[in-house]
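Only one structure is covered here, and it is reproduced in the block below.
The values are calculated or read from the model by the stated rules, or taken from the named source; none is laboratory data. Since this is a predicted model, take the numbers as computed values, not measurements. Note: ideal-geometry Cβ built from the backbone for every residue, glycine included; neighbour counts use all protein chains shown.
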Amino acid sequence: MINYDLVVIGGGPAGLAAALEAKKNGLEEILILERDKYLGGILQQCIHNGFGLDYFKEELTGPEYADRFVRMVEENEIEYKTETMVVNITKYRKITALNQNDGVINIKAKSIILAMGCRERTRESILIPGSRPAGVFTAGTAQRYINIEGYMPGKKVIILGSGDIGLIMARRLTLEGAEVIAVLELLPYSSGLVRNKVQCLDDFDIPLKLNHTITRINGKGRVESVVVVEVDENLQPIKETEEEIACDTVLLSVGLIPENELSKNINVELDPVTGGPIIDEKRMTSAEGVFACGNVLQVHDLVDYVSMEAEIAGKAAADYVNQKYSSRDNIIELMAGKNIRYIVPHHIKYYEENQKFIKLYMRVKKPEEDVRIELVDDQGSMLMEYKKDIVTPGEMLSLVLPEKKLDDSMKGIEISLYKR
Amino acid sequence: MKSDVLIIGGGVVGTAIAREFSKYELDVILLEKEEDIAMGTSKANSGIVHAGYNASMNTLKGRLNTWANPMFDQLCSDLQVPFERIGSLVVSFEEDDFKKLRWEKENGEKMGIKGLEIVDRDRLLELEPNINPEVSSALYAPTAGIVSSYEFTIALADSAVINGVNVMLGTEMTDLFIENNQVKGVETNRGRIYSSIVINAAGLFADEIASMAGNDIDITPRKGEYHLYDKNWGDYVNHVLFPIPSKISKGILVTPTVHGNLLIGPNSEAVAGKEDYTTTNEGLDIVFSAARKLVPGLERRDIITSFSGIRAVASTDDFVIGPSDKNVGLINVAGIQSPGLTSAPAIAEMVLEIAVEMSSEYSRELTLKSNFIEKDDFRERLPERCVYTDTEHSQWHDIIGENSDYGEIVCRCEHVTRGEIIDAIHRPVPATSVDAVKRRTRAGTGRCQGGFCGPRVVEILSEELKIPRTEVSKKGTGSEILFAKTKDYLLKEVGEESEKDYKL
């Protein structure tokens, strides 16, 4: 059994930033466990630019962004193991992992940070019937084939889902010589960032068909065609609009699911809305000494936010090990009100000296313009009010909650969004 | 090429027969038109080892099922495929159905099935806390079990191969070779193969082969669709749950699988195409709502895959097994619908008996290498395989020490290592496609459905088979996954066009 102060599960952007911040805050024995061949996570296959504008105040590609953190990890002499898969954790923070050199590794950690990221929803999650030929990929898998492996997974492609990866892949495939027939989106709006829609579709004349979906995949060995249909306001197919479109490849960008299989081993309480653990403002889960950050906690649209969230968890893990926590008398629950889908953190538990504010992250349910966001406590008093020109489910919203607004009798705060 | 016994069809029936004949000093060939074993009915079905109470003793189905059921413990242990006798419950909601349950119980008891019991509502709710509380009673059959039908079939084929059977994949028979009212072999896409005895175990195509010998067997393909759930749901029910059966099928069931998932299905629809493995919204809706009647807590969000299977239903509604009465040397094994998987080991023994009888009756016509002399070196057991998920960690640590490939987990959802994937590619019946690896190792069967491990499996297949990655397929020729290397593709497909543009 090897002992560590902190084991970080996952060496993607969240894990790296968390480990660094824990080191800065005084932890010495830190180990990062990464299942892939290299650190950096999914960033390594995101060779497009647009990363780092918030965090580094400059525009980087995914591998560049990852590289900055990998270098810092090496400079700070933080230990890591790649091609190492964590297969089990226990509530006593014992970790079992596997790799080629060490065999089965058993570790005891004073704290754990969960940073396993997320996986893509598949064809099966959205139940597209038809045959089961080759040529149906999730957008991320196709991205890996092109950018990491160097192979073309398709020539004539239809993309379902206008999430960011779908939009990025429409451009990527076009640049590699494939024909992207269209990007289809079930909802009446794109779920990706506006800049991606402009730069990846509009600039390449790739049509975005809103309110459209695929109802059938045809083909024996390889995809031969798909049946595309328009949907009504209840997202139900309008039969008369069915159209069969020939293609050899279907790419799916239909959402991401936080990968909490390990968290379930220790019965970490999960939020059915985010798919991630329920956490306090330190990013500690319902399991003592186990923290979560990055896409395992909530699916982010910007890696910059992942880094920031991970730093909170990294510092918190260090403070936890060094026993620097002081609890509030009361736990303040944060509740999603009108047109708010979820809020992270879920509750506020600790008191910290010199803390001026707590940052709250949230997503709205549907797009809206000219809105006002109200924070109201359980006594009905309005604590804060913010105004925004535009909100969409595709862009995470962040607000600050000043410490001076909180008091010892407060039990909850509801956040709601209204049209001005 | 020449053999004593030639079996057409690499499904559970064909492979069970092949293994049975491999116990004797005979040259045996098994033909399979697809590029892997278990590509038809044996690939996609409920995977139930039935207790056998629901078919009458006067039918082959009934007799063979009851004969075969007790064979599974030893056989699955020898073949190293998971098998669990979890028991089944036929659940009734109406008082009127009680008569049906009683008939099944009495019928089963006549056939010697042990442990049958009619349980009341309270006991049923104890056995199955998540079952619909409106149930009234159920027939409990403790001898029913679950098995993975494709793994079972592949293992039977592996066992046949290590005992000397020549399994020829990608070999499609096109005609019977008949002379003087005697079947003397088959024509295939790879040329003629002579054989003294030909066994037609061609599943959905058995009627077509029988008709080549003048035998009229009427087979209707019936399609059934399924949903498979995430392992979160694996212990949601404890037994195989059946509704009260209808005339055409045992109904839409809810069952755990040997790998800890939950399976619901199948509906039963007569279809025109024998290879129409498509799923439909309509079919899956029927499956879901019927399953929900048994287990109302089911939701659709954790479904990780949907698929369909086709069973070959004979017009007699029973198995059709016997020597051809038109031509010597042919044995037809047709119409093997449910409980075909369960019955397969008994069918194999029955076919052997028929062959022995045939060879003594026609000893002049049928020249066999030996008169069914038993081999003294028949290997019951397949060589031990390393399976991470079945092994203690301390032991696995040593396994990694001997071969580091077992230390690299490739499929993160199902915890399958590189070593296991390499083993699958080199099994007696080798895995040569991504799906073939999946059926042998479970890599890609989990909740991400191969999103993460797909590219890795393609890479390993390419290395082990020494073929370019562009030749690696999902399920055989025509289902290749990658078209070209990225830059090659740009230069070839687009480069030529842009060159033309520049010249203009």
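Residues satisfying the criterion are absent from the range B:373-382 (criterion: touching an Asp or Glu at 6+ places or on another chain (Cβ under 9 Å), assigned to a helix (DSSP H, G or I) and more than 14 Å from chain A (Cβ to nearest Cβ)). Just one of the listed residues (B:S56, B:S88, B:S92) is touching a residue at least 12 places away in the same chain (Cβ under 8 Å), closer than 30 Å to B:D390 by Cβ and hydroxyl-bearing (S, T, Y), and it is B:S88.
All told, A:L43 meets the bar of being of a type outside the set (D, E, K, R) and either away from chain B (no Cβ under 14 Å) or farther than 26 Å from A:I165 by Cα (or both).
Taking B:Y229, is it aromatic (F, W, Y), more than 20 Å from B:S308 (Cα to Cα) and in contact (Cβ under 8 Å) with a residue 24 or more places away in the chain? Against the criterion (aromatic (F, W, Y), more than 20 Å from B:S308 (Cα to Cα) and in contact (Cβ under 8 Å) with a residue 24 or more places away in the chain), B:Y229 does not qualify.
Filtering the range B:457-492 to residues that are at pLDDT 95 or above, buried (at least 19 other Cβ atoms within 10 Å of the Cβ) and part of a helix (DSSP H, G or I) leaves B:V457, B:V458, B:I460, B:L461, B:R469.
In this structure, is A:V321 modelled with pLDDT of 95 or more and under 30 Å from A:S191 (Cβ atoms)? No, not satisfied. In this structure, does A:E288 turn out to be farther than 18 Å from A:I413 by Cα and modelled with pLDDT of 95 or more? For A:E288, the condition - farther than 18 Å from A:I413 by Cα and modelled with pLDDT of 95 or more - is met. Residues of the range B:208-222 being more than 22 Å from B:M168 (Cβ to Cβ) and part of a helix (DSSP H, G or I), which ones? B:S211 - this is the single residue of the range B:208-222 that is more than 22 Å from B:M168 (Cβ to Cβ) and part of a helix (DSSP H, G or I). Screening A:L53 on (1) crowded, with 22+ Cβ neighbours inside 10 Å; (2) farther than 30 Å from B:E414 by Cα shows it passes everything except condition (1). Within the range A:102-126, the set of residues being more than 7 Å from chain B (Cβ to nearest Cβ), more than 26 Å from the chain's Cα centre (by Cα) and either closer than 30 Å to A:E185 by Cβ or free of Cβ contacts under 8 Å to residues at least 24 places away in the same chain (or both) comprises just one member, A:D102. Looking at B:S137, B:S148, just one residue is more than 29 Å from B:I331 (Cβ to Cβ) and polar (S, T, N, Q), and that residue is B:S137. Residues of the range A:84-101 that are surrounded by 23 or more Cβ atoms within 10 Å (Cβ to Cβ) and away from chain B (no Cβ under 13 Å): A:I89 alone.
Residues that are outside any loop (DSSP other than H, G, I, E, B) and touching a helix residue (DSSP H, G or I) at 6+ places or on another chain (Cβ under 6 Å) were ranked within the range A:127-140; the one that is nearest to the other protein chains (Cβ to nearest Cβ) is A:G140.
Restricted to the range A:291-403, the set of strands (runs of 3 or more DSSP E) holding at least 3 residues that are β-branched (V, I, T) comprises A:340-344, A:368-377. Checking each residue in the range B:434-493 for being more than 7 Å from chain A (Cβ to nearest Cβ), at positive phi and free of Cβ contacts under 8 Å to residues at least 40 places away in the same chain picks out B:G444, B:G450, B:K466. Selection within the range B:313-346: residues that are of a type in the set (G, A, S) and under 13 Å from the mean Cα position of the chain (by Cα). The member of this set that is modelled with the lowest pLDDT is B:S338. Checked against the criterion of being among the acidic types (D, E), more than 28 Å from B:F98 (Cα to Cα) and within 24 Å of the chain's Cα centre (by Cα), the candidates B:D207, B:D235 yield just one match: B:D207. The residue that is surrounded by the fewest Cβ atoms within 10 Å (Cβ to Cβ), among those in the range B:223-259 that are part of a loop (DSSP other than H, G, I, E, B) and of a type in the set (V, I, T), is B:I248.
When the range A:148-175 is filtered for residues that are farther than 21 Å from A:V227 by Cβ, within 11 Å of chain B (Cβ to nearest Cβ) and surrounded by fewer than 20 Cβ atoms within 10 Å (Cβ to Cβ), the ones remaining, listed by number, are A:I148, A:E149, A:G150, A:T174, A:L175.
The residues of the range B:59-85 that are under 30 Å from B:T389 (Cβ atoms) and in contact with a His (Cβ under 8 Å, 6 or more places away or on another chain), listed by number, are B:N69, B:P82.
For the condition in contact (Cβ under 8 Å) with a residue 40 or more places away in the chain and either part of a strand (DSSP E or B) or surrounded by 19 or more Cβ atoms within 10 Å (Cβ to Cβ) (or both), B:S359 qualifies. For the range A:119-127, does any single residue satisfy the condition of being modelled with pLDDT of 95 or more and of a type in the set (A, V, I, L, M, F, W, C)? No, the range A:119-127 contains no residue that is modelled with pLDDT of 95 or more and of a type in the set (A, V, I, L, M, F, W, C). Condition first: outside any helix (DSSP H, G or I) and over 18 Å from the mean Cα position of the chain (by Cα). Now tell me which residues in the range B:445-456 satisfy that. B:G446, B:R447, B:C448, B:Q449, B:G450, B:G451, B:F452, B:C453 - these are the residues of the range B:445-456 that are outside any helix (DSSP H, G or I) and over 18 Å from the mean Cα position of the chain (by Cα).
Taking the conditions (1) surrounded by fewer than 24 Cβ atoms within 10 Å (Cβ to Cβ); (2) touching a Ser or Thr at 6+ places or on another chain (Cβ under 9 Å) in turn, B:N403 satisfies each one other than (2). Number of residues in the range B:275-324 that are more than 13 Å from chain A (Cβ to nearest Cβ), part of a loop (DSSP other than H, G, I, E, B) and in contact with a Pro (Cβ under 9 Å, 6 or more places away or on another chain): the value is 1.
Looking across the range A:215-271, just one residue is within 11 Å of chain B (Cβ to nearest Cβ), in contact with a Ser or Thr (Cβ under 8 Å, 6 or more places away or on another chain) and of a type in the set (S, T, N, Q), and that is A:N218. Only one entry in B:D405, B:D435 is of a type in the set (D, E, K, R), within 27 Å of the chain's Cα centre (by Cα) and not in a loop (DSSP other than H, G, I, E, B), namely B:D435. In the set B:D36, B:D27, only one residue is closer than 24 Å to B:T171 by Cα, in contact (Cβ under 8 Å) with a residue 12 or more places away in the chain and crowded, with 24+ Cβ neighbours inside 10 Å; that residue is B:D36.
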